[in-house]
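These notes concern the structure reproduced below.
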Amino acid sequence: MKILIYGVGGIGGYLGSLLLKTNYEITFLSRHDKYESLKKKGIVLRSDVHNLKFEKINVKDSLSNGEAYDFVILAVKLYDFESALEEIRNKLNKDIIILPFQNGVYSEEKILKFFGKLNTYGAVAQISCFLNPNFEVVHIGKLATFFVGGYVTNNINDKLKNFVQDARKIGLDLRLTDNISAKLWEKFIFLSAYSGITTLTSKTIGEIFDDSKLEKMFIKAMTETYEVSKRFKIKFKNDPVEVWKTKIKNMPYQMTSSMYLDFTNKKKLELNWLSGFVVSYARENKLKCYTHEKILDGILSK
């Protein structure tokens, strides 16, 4: 099978590094300095779980009309997501399976609009990873779990099932789910608070939960996003806020968000698709979201 890793940040780099252990044909798509680094030095993954280095990889900085792949691992930032979908639709084969590992829930709406429900899949990454200044993929902690599933019940084709099985054989914790929307929202409930408050306060997850006021703020932010999810008729097996409160206790003390790293490096932020999305939707539906409003206003004024 042929796999395209479209976007080589932390998640794309992690997944691509692991998939290079298969017998699949893996191609990376990146641009500018990242492309030059990958072309010259290959890819390096630094992790307590997997330490990998591949000096020679297939990498390109653009797509040509008529290219064909079985899967696209779509791992660009949210602000580049729509243009990436346009390029995939216009240049690649029509029967391709796209697995969009974006933050937030914006990607679900957009990919359904571009490709429809029947041929569309969702994907969720539960991992903390980033690129360091040397363009090496750095994985923090041991959590590295990925979920994929169709937006239509039981819409999982054999090709995707086989892909998941092969990924698991080489140590990639990739799982099929029959409720991908709930998984997306479960992550978003945490991520909207985590990205916002780490960036607003310049503190790690451990430092935030050592401070009773910040801990309360974090939980309130998750609760506000949870209330928004109810308007989308998302059903959870358990209260996601309580689930995350337990998970956070086991997270590395020094863990921080990719948005905070982008902020410190003066890069474009995904803020409008995270706390900004919560604030916008809450206001439209007359829901209270004072915490996310504070996050949004505070980061924009920094």
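The values are calculated or read from the model by the stated rules, or taken from the named source; none is laboratory data. Bear in mind the structure is a predicted one, so any value in this text is a computation, not a measurement. Cβ: placed from backbone, ideal geometry, glycine included. Neighbour counts: every protein chain shown.
Do you know which of the residues in region 211-221 that are surrounded by fewer than 24 Cβ atoms within 10 Å (Cβ to Cβ) and not polar (S, T, N, Q) is nearest to residue 281 (Cα to Cα)?
As a first pass, look at region 211-221 and keep what is surrounded by fewer than 24 Cβ atoms within 10 Å (Cβ to Cβ): 211-217, 219-220.
Within this subset, residues satisfying the condition of being not polar (S, T, N, Q) are 211, 213-217, 219-220.
On the way: 211: 29, 213: 26, 214: 24, 215: 24, 216: 22, 217: 20, 219: 19, 220: 17 Å.
Residue satisfying both the conditions and the ranking: 220.
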Please verify whether residue 253 is in contact (Cβ under 8 Å) with a residue 40 or more places away in the chain and either closer than 30 Å to residue 70 by Cα or surrounded by fewer than 17 Cβ atoms within 10 Å (Cβ to Cβ) (or both), treating the condition exactly as stated. yes
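In the list 163, 188, which residue meets the criterion of being in contact (Cβ under 8 Å) with a residue 12 or more places away in the chain, among the aromatic types (Phe, Trp, Tyr) and either in contact with a strand residue (DSSP E or B) (Cβ under 7 Å, 6 or more places away or on another chain) or not assigned by TED's automatic domain parsing to the domain that holds residue 214 (or both)?
Values: 188 fails: either in contact with a strand residue (DSSP E or B) (Cβ under 7 Å, 6 or more places away or on another chain) or not assigned by TED's automatic domain parsing to the domain that holds residue 214 (or both).
Residue meeting the stated conditions: 163.
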Pairs with Cβ under 8 Å, 6+ apart, first in region 33-44 and within 16 Å of residue 7 (Cβ to Cβ), second among the hydroxyl-bearing types (Ser, Thr, Tyr) and in a helix (DSSP H, G or I): 43/17
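Which of the residues that make up region 45-62 are in contact (Cβ under 8 Å) with a residue 60 or more places away in the chain and of a type in the set (Lys, Arg)? Don't jump to the end; show me each part of the working.
Within region 45-62, the first condition is being in contact (Cβ under 8 Å) with a residue 60 or more places away in the chain, and the residues that meet it are 45-50.
Across region 45-62, the qualifying residue is only 46.
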Regarding region 145-158, can at least one residue be identified that is assigned by TED's automatic domain parsing to the domain that holds residue 123, more than 18 Å from the chain's Cα centre (by Cα) and part of a helix (DSSP H, G or I)? yes
Run residue 104 past the list (1) on the phi < 0 side of the Ramachandran plot; (2) in a loop (DSSP other than H, G, I, E, B) and report the number of the one that doesn't hold. (1)
Mind checking whether some residue in region 194-204 is outside the structural domain of residue 229 (by TED's automatic domain parsing), crowded, with 20+ Cβ neighbours inside 10 Å and modelled with pLDDT of 95 or more? no
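To keep it simple, each residue is scored yes or no on (1) at pLDDT below 90; (2) within 19 Å of residue 104 (Cβ to Cβ); (3) crowded, with 17+ Cβ neighbours inside 10 Å; (4) not charged (D, E, K, R).
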site: 145; (1), (2), (3), (4): no, yes, no, yes
site: 148; (1), (2), (3), (4): no, yes, yes, yes
site: 157; (1), (2), (3), (4): yes, no, no, yes
site: 161; (1), (2), (3), (4): no, no, no, no
site: 165; (1), (2), (3), (4): no, no, no, yes
site: 168; (1), (2), (3), (4): no, no, no, no
site: 171; (1), (2), (3), (4): no, no, no, yes
site: 178; (1), (2), (3), (4): yes, no, no, no
Return yes when residue 241 is outside the structural domain of residue 105 (by TED's automatic domain parsing), of a type in the set (A, V, I, L, M, F, W, C) and either surrounded by fewer than 16 Cβ atoms within 10 Å (Cβ to Cβ) or free of Cβ contacts under 8 Å to residues at least 60 places away in the same chain (or both) and no when it is not. yes
In region 51-86, which residue that is exposed (fewer than 13 other Cβ atoms within 10 Å of the Cβ) and acidic (Asp, Glu) is farthest from residue 106 (Cα to Cα)? 55
Subset of region 11-50 (residues that are buried (at least 24 other Cβ atoms within 10 Å of the Cβ) and either at pLDDT below 95 or among the aromatic types (Phe, Trp, Tyr) (or both)): 14, 28
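Would you be able to tell me the number of residues in region 88-100 that are surrounded by 15 or more Cβ atoms within 10 Å (Cβ to Cβ) and not in a loop (DSSP other than H, G, I, E, B)?
Here is the first cut: in region 88-100, the residues surrounded by 15 or more Cβ atoms within 10 Å (Cβ to Cβ) are 88, 92, 96-100.
Subsequent filtering for residues that are not in a loop (DSSP other than H, G, I, E, B) retains 88, 92, 97-100.
Count: 6.
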